[in-house]
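Let me begin by presenting the structure, written as structure tokens, before commenting on it.
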Amino acid sequence: MKIIQLTDTHLMPPGHPAYGVDPEAQLRAAMADILADHADADLLVITGDLSDRGDPEAYALLRDILAPLPCPVRLMLGNHDHRPAFLEAFPDHPRDEGGYVQSVLDTRWGRLLFLDTHEAGVIGGIYGPDRLAWLDAALAGAGDRPVTVFLHHPPVSDGIRHFRDIGLHDDGAVLRRLAAHPGGVRHIVFGHIHTPLTGTTAEGIAFSSGQSCTHRFITNIDLPDPWWTGGNPCYRILTLDDGGFRAYGVEVGQVPTGRSEPCAGP
């Protein structure tokens, strides 16, 4: 199974920059690359901060940019998003009974879980009792099958000073439930931190973040006020198959300097 992950697209109304970068141009370039090279993808996931300020025009723009995709899409809310404006633009997007933008997708390689950590007026993520009840049911429904989890806010310690106080404010509840799942967790996929990160929890659960498609941080894990910078539009190719889970980073617009010869091995 091939999944394309975009994250932190931070769309603004057309013609408006964000943090010195044109988020519309970045996303359109990424989408052109995805359509050219990954028309066979089974799913596209955007792990939150779809917009920068929750403008209705930004969600209308997102709907327009995603329209040519031949595969299903799962959109997730981040702290920069605005739930009512999103639902107005995407009224048929999967939601749970409480109205949260979260859902499951069953595949040959286990169950995919899409969690909604957005809470209006909160920079960090919230995942309270009502959402935890949904997660409990989703995990129970997975039985002994593994799960792969997508959400905006990392449910783990990312070790980055700037994000120390704005992660997922759940006192570890999500991670405890995942660690107890009898089928195991293939991977936890998130956004929010605008920095590539890969790691494992103390329980051995693997996690990683995608790089923002638009503005990003100059990586310095100790600064409370790191610098923003630009960069190539980017996305990740995630694969689920009999070999497990893999993630490949893609940057759009790289300039070739030469071509490798095929390697026959051994």
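The values are calculated or read from the model by the stated rules, or taken from the named source; none is laboratory data. Quick caveat, the model's predicted, so the values are computed rather than measured. Cβ: placed from backbone, ideal geometry, glycine included. Neighbour counts: every protein chain shown. Keep in mind that these areas ignore ligands, DNA and RNA; they rest on the heavy atoms of the full protein, side chains included. Shrake-Rupley method; radii C 1.70, N 1.55, O 1.52, S 1.80 Å.
Okay, here's what the table says:
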item	result
Antiparallel %, DSSP beta bridges [both residues in the chain], to 5	50
Assigned charges on the beta-carbon of Lys, Arg, Asp, Glu; region 220-266 dipole about Cα centre (debye)	160
Distance (nanometres) between label positions extended 7 Å along Cα→Cβ at residue 171 and residue 107	3.4
Region 1-103: Rg to Rh, with Rh as the Kirkwood radius over Cα pairs	0.95
For the chain, calculated [θ]222 nm from helices alone, where every DSSP H run of n ≥ 4 adds -39500 (n - 2.57)	-6500 deg cm²/dmol
Centre separation in Å (Cα based) which lies between region 83-97 and region 209-243	26
Calculated P(r) of the chain - Cα pairs past 35 Å, %	12
By average C-beta atoms within 10 angstrom, highest first, the peptides 228-238, 170-180	228-238, 170-180
Length added when fully stretched, residue 2-residue 203, from 0.36 nm per residue minus Cα-Cα	69.7 nm
Highest to lowest packing among 67-79, 43-55, scored as the average C-beta count within 10 Å	43-55, 67-79
Potential lengthening between residue 132 and residue 260 on full extension [0.36 nm per residue; Cα-Cα distance subtracted]	41.1 nm
Amide H within-cut-off set for residue 74, under 5 Å, with H built and near neighbours excluded	44, 45, 46
Label-point separation, residue 180 to residue 219 (7 Å along Cα→Cβ), nm	3.5
Whole-angstrom gap from region 7-37 to region 105-131, using each part's C-alpha centre	24
Accessible surface, per residue, of region 89-204 when the full set of protein chains is kept, probe 1.4 Å, Å²	43
Per-residue HN-Hα couplings for region 20-29 [Karplus 6.51, -1.76, 1.60; θ = phi - 60°; Hz; x = Gly/Pro]	x, 10, 8, x, 5, 4, 4, 5, 5, 5
Extension gain from residue 157 to residue 55, taking 0.36 nm per residue of separation minus the Cα-Cα distance	33.7 nm
Estimated inter-spin distance, residue 28 and residue 88, nm [label 7 Å along Cα→Cβ]	2.4
The chain, dipole about Cα centre (Lys/Arg Cβ +1, Asp/Glu Cβ -1), debye to the nearest 20	480
Estimated FRET transfer efficiency (residue 67, residue 97; beta-carbon r; R0 30 Å; 0.05)	0.60
For the chain, with +1 on Lys and Arg beta carbons and -1 on Asp and Glu, the positive-most of 181, 29, 150 along the dipole	181
Sequence ranges 214-221, 146-153, ranked by mean other-Cβ count within 10 angstrom, highest first	146-153, 214-221
Beta bridge orientation in region 188-237: antiparallel %, DSSP, nearest 5	65
Most positive-pole-ward Cα, 66, 43, 205, against dipole of the chain from beta carbon charges	205
Per-residue ³J(HN,Hα) for region 158-175, Karplus 6.51 cos²θ - 1.76 cosθ + 1.60, θ = phi - 60°, Hz, x for Gly and Pro	8, x, 9, 4, 4, 9, 4, 10, 10, x, 8, 8, 10, 6, x, 5, 4, 5
5 angstrom amide H check on residue 197, placed H, neighbours 5+ away	209
